[in-house]
Amino acid sequence: MTELAASDDGALCFPEGFIWGAATAAYQIEGAAGADGRGPSVWDTFSHTPGKVRGGDTGDIACDSYHRYREDVALLASLGLSSYRFSLSWPRIQPGGRGAVNQRGLDYYRALLDELGGHGIAATVTLFHWDLPQELQDEGGWAARDTTERFAEFAALAAEALGDRVARWITLNEPQVVSTNGYRNGDHAPGLRDAAAASATTHHLLLGHGLAVQALRAAGAAEVGITLDLHPVRVLGDNGPAELELGRLVTDAAVNGLYLGPVLHGRYPEHAPQALLPPAALIADGDLDVIRAPLDFLGVNYYSPILLRAGDPADLRRNENPARCQLPGVVEYLPEDLERTPMGWLVDPGGLHQILVEVSRQAPGLPLYVTENGCAAEDYVNPDGEVNDVERVRYLHTHLEAAARAIKDGASLAGYFVWSLLDNFEWGWGYQKRFGIVFVDFGTQRRIPKASAAFYANVVRANAIPLLPANWPR
Ligand code: FCB
């Protein structure tokens, strides 16, 4: 267990060498969708399909970080961050997802990496943050096994071309969301509602991860890991029916275990619903050994928990939703007394503590990074030209406190990346939801660091959580 020191004024200190960062993703910030030979991705196709994204927003321009990356790196430096997590746009580097590289795409990332290096900021690079080349989608996307080989090739060429400047590689971002939202319920690109394609996608993403790990290692990559969205599952009420505990196990297997199990232990979890499990015919001999290749770290994205209570899925009450475990007598529930963000997501810092401690129990000693955590807020520029995002400051404060407590309770947490550096294209919600610690005026591309950026910079500078003033709005 790591002892957390308390400084003189009582602030909670993080361990020495703790990595502080901010995260973004290519399609959400780069813009320049048609520039320098970039091919189309599934998110270009999806966002340009009427009715798919709020307000018809697309990532065509986004934060224009493709042209403004120097300004964005300067922002990271001004916050004192030690690492930047960003993703590579696969179709910028391989426009059709296979074959020869587009040198101008690679040049962009090399320039970005050089700029980061010049400021002493270590690069944490995600290979796949959802923008699959459209040509691969036309051949089945992740539902097709061939995409796993294409992904391994992409990993190899990215590591060869850029690896000397990359501190750590993340193969995939949130495969659970790709399978569920992209292939099962159609809220995300490619917009499929196809249960068979979704369960095949789960297995192929995991296999693609394993093959990419091999490719990255062969190219001499330093640190290699994967980022999973993890959701603590809790049961409300003491005297619930036995189904509730089973509901917890099944829900946990459906959202967490389906990915954690194969990656950490080389097996799909026993409680996973049959409908989500990839059919045995898709799992070739040796696949699970490839998938469970040892990792240097696990990336954890945490936003909110899943709470269950006894209820009737056929007769839902206020704040109840059908449970994804689909057991009779069990519903998911959003308690009235827990705050929600403008995304409708519950605010529950205790959930971050829970998930970090639980994962460290499952994988003792494996370094964890929180690779995303943050919240949407209704930010605006006030008459003084400032963005005073008190909700986000409070959110970050309470979640960082939970992270610090998790370290104290045995979690091997080695770093934290706030989501996000910039307001950006929030997938199906377009530009309506702002997650940045830096405000972006999308009309002028002006960046305005919010109050949360100043708060975060203080945490980073002190390597500790300062106490909030007593009069801070609660
Ligand atoms: C995560 C995504 C990230 C961002 C946040 C709010 O699921 O990885 O790109 O959209 O949610």
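The values are calculated or read from the model by the stated rules, or taken from the named source; none is laboratory data. Just so it is clear, the model here is predicted, and its values are computed rather than measured. Counting neighbours? That spans all protein chains shown, and the Cβs are built from the backbone with ideal geometry, glycine included. Side chains included, ligands, DNA and RNA excluded: accessible areas come from the protein's heavy atoms. Shrake-Rupley method; radii C 1.70, N 1.55, O 1.52, S 1.80 Å.
How many residues does the stretch 302-318 contain that are surrounded by 15 or more Cβ atoms within 10 Å (Cβ to Cβ) and assigned to a loop (DSSP other than H, G, I, E, B)?
6
Which condition from (1) within 16 Å of the ligand (Cβ to nearest atom); (2) under 16 Å from the mean Cα position of the chain (by Cα) is the one that residue 389 breaks?
(2)
Among the residues of the stretch 265-288, is there at least one that is away from the ligand (no atom under 16 Å from the Cβ), touching a strand residue (DSSP E or B) at 6+ places or on another chain (Cβ under 7 Å) and not polar (S, T, N, Q)?
No.
Quick one: which residue in 289, 285, 296 is closer than 18 Å to residue 227 by Cα, open to solvent by 40 Å² or more (accessible area, probe 1.4 Å) and acidic (Asp, Glu)? Walk me through how you get there before you give the answer.
On the way: 289 fails: closer than 18 Å to residue 227 by Cα; 285 fails: closer than 18 Å to residue 227 by Cα.
Being closer than 18 Å to residue 227 by Cα, open to solvent by 40 Å² or more (accessible area, probe 1.4 Å) and acidic (Asp, Glu) holds for just one of 289, 285, 296, which is 296.
Conditions first: (1) more than 16 Å from the ligand (Cβ to nearest atom); (2) more than 25 Å from residue 24 (Cβ to Cβ). Residue 184 passes all but one, so which condition is the exception?
The single condition residue 184 does not satisfy is (1).
What residue, of 247, 225, 237, is small (Gly, Ala, Ser), closer than 30 Å to residue 161 by Cα and touching a residue at least 60 places away in the same chain (Cβ under 8 Å)? Steps first, answer last, please.
Details: 247 fails: closer than 30 Å to residue 161 by Cα; 237 fails: closer than 30 Å to residue 161 by Cα.
Just one listed residue meets the conditions, 225.
Any residue at all in the stretch 334-346 that is in contact (Cβ under 8 Å) with a residue 24 or more places away in the chain, surrounded by 23 or more Cβ atoms within 10 Å (Cβ to Cβ) and not in a loop (DSSP other than H, G, I, E, B)?
First, the residues of the stretch 334-346 that are in contact (Cβ under 8 Å) with a residue 24 or more places away in the chain: 334-335, 341-343, 345-346.
Subsequent filtering for residues that are surrounded by 23 or more Cβ atoms within 10 Å (Cβ to Cβ) retains none.
No, because not a single residue in the stretch 334-346 is in contact (Cβ under 8 Å) with a residue 24 or more places away in the chain, surrounded by 23 or more Cβ atoms within 10 Å (Cβ to Cβ) and not in a loop (DSSP other than H, G, I, E, B).
Could you identify the single residue in 168, 150 that is more than 16 Å from the ligand (Cβ to nearest atom) and touching a Leu at 6+ places or on another chain (Cβ under 7 Å)? Lay out the reasoning, then the answer.
Values: 168 fails: touching a Leu at 6+ places or on another chain (Cβ under 7 Å).
When all the criteria are applied, what remains is 150.
Tell me whether the stretch 402-417 contains one or more residues that are open to solvent by 10 Å² or more (accessible area, probe 1.4 Å), free of Cβ contacts under 8 Å to residues at least 12 places away in the same chain, in a loop (DSSP other than H, G, I, E, B) and more than 16 Å from the ligand (Cβ to nearest atom).
Looking through the stretch 402-417, none of the residues is open to solvent by 10 Å² or more (accessible area, probe 1.4 Å), free of Cβ contacts under 8 Å to residues at least 12 places away in the same chain, in a loop (DSSP other than H, G, I, E, B) and more than 16 Å from the ligand (Cβ to nearest atom).
When you check residue 60 against the structure, is it acidic (Asp, Glu), outside any loop (DSSP other than H, G, I, E, B) and closer than 17 Å to residue 35 by Cβ, yes or no?
no
Any idea how many residues of the stretch 427-447 are assigned to a loop (DSSP other than H, G, I, E, B) and open to solvent by 20 Å² or more (accessible area, probe 1.4 Å)?
Looking only at the stretch 427-447, we keep the residues that are assigned to a loop (DSSP other than H, G, I, E, B), and these are 433, 435-437, 442-445.
Then drop every residue that is not open to solvent by 20 Å² or more (accessible area, probe 1.4 Å), which leaves 433, 442-444.
Going through the stretch 427-447 one residue at a time, the tally reaches 4.
Can you find even one residue in the stretch 105-116 that is of a type in the set (Phe, Trp, Tyr), closer than 28 Å to residue 428 by Cβ, at pLDDT 95 or above and more than 16 Å from the ligand (Cβ to nearest atom)?
The initial filter retains those residues of the stretch 105-116 that are of a type in the set (Phe, Trp, Tyr), namely 108-109.
With closer than 28 Å to residue 428 by Cβ added as a condition, the list becomes 108-109.
Cutting the leftovers down to at pLDDT 95 or above gives us 108-109.
Then keep just the ones that are more than 16 Å from the ligand (Cβ to nearest atom); that gives 108-109.
Yes, there is a match, as at least one residue in the stretch 105-116 is of a type in the set (Phe, Trp, Tyr), closer than 28 Å to residue 428 by Cβ, at pLDDT 95 or above and more than 16 Å from the ligand (Cβ to nearest atom).
In the stretch 418-446, what residues are within 11 Å of the ligand (Cβ to nearest atom), more than 18 Å from residue 83 (Cβ to Cβ) and without any contact (Cβ under 8 Å) to a residue 60 or more places away in the chain?
The one that is within 11 Å of the ligand (Cβ to nearest atom), more than 18 Å from residue 83 (Cβ to Cβ) and without any contact (Cβ under 8 Å) to a residue 60 or more places away in the chain: 434.
Restricting attention to the stretch 108-123, and to residues there that are open to solvent by 20 Å² or more (accessible area, probe 1.4 Å) and not in a helix (DSSP H, G or I), which single residue is farthest from residue 83 (Cα to Cα)?
The qualifying residue farthest from residue 83 (Cα to Cα) is 119.
Of the residues that make up the stretch 288-298, is at least one of a type in the set (Val, Ile, Thr), in a helix (DSSP H, G or I) and touching a residue at least 24 places away in the same chain (Cβ under 8 Å)? Show your work before the answer.
Just the residues of the stretch 288-298 that are of a type in the set (Val, Ile, Thr), to begin with: 290-291.
From what is left, the residues that are in a helix (DSSP H, G or I) are 290-291.
After this cut, where a residue has to be touching a residue at least 24 places away in the same chain (Cβ under 8 Å) as well, the list is 290-291.
Yes, there is a match, as at least one residue in the stretch 288-298 is of a type in the set (Val, Ile, Thr), in a helix (DSSP H, G or I) and touching a residue at least 24 places away in the same chain (Cβ under 8 Å).
Scanning the stretch 356-383 for residues that are under 14 Å from residue 305 (Cβ atoms) and open to solvent by 10 Å² or more (accessible area, probe 1.4 Å), which turns out nearest to the ligand (Cβ to nearest atom)?
358
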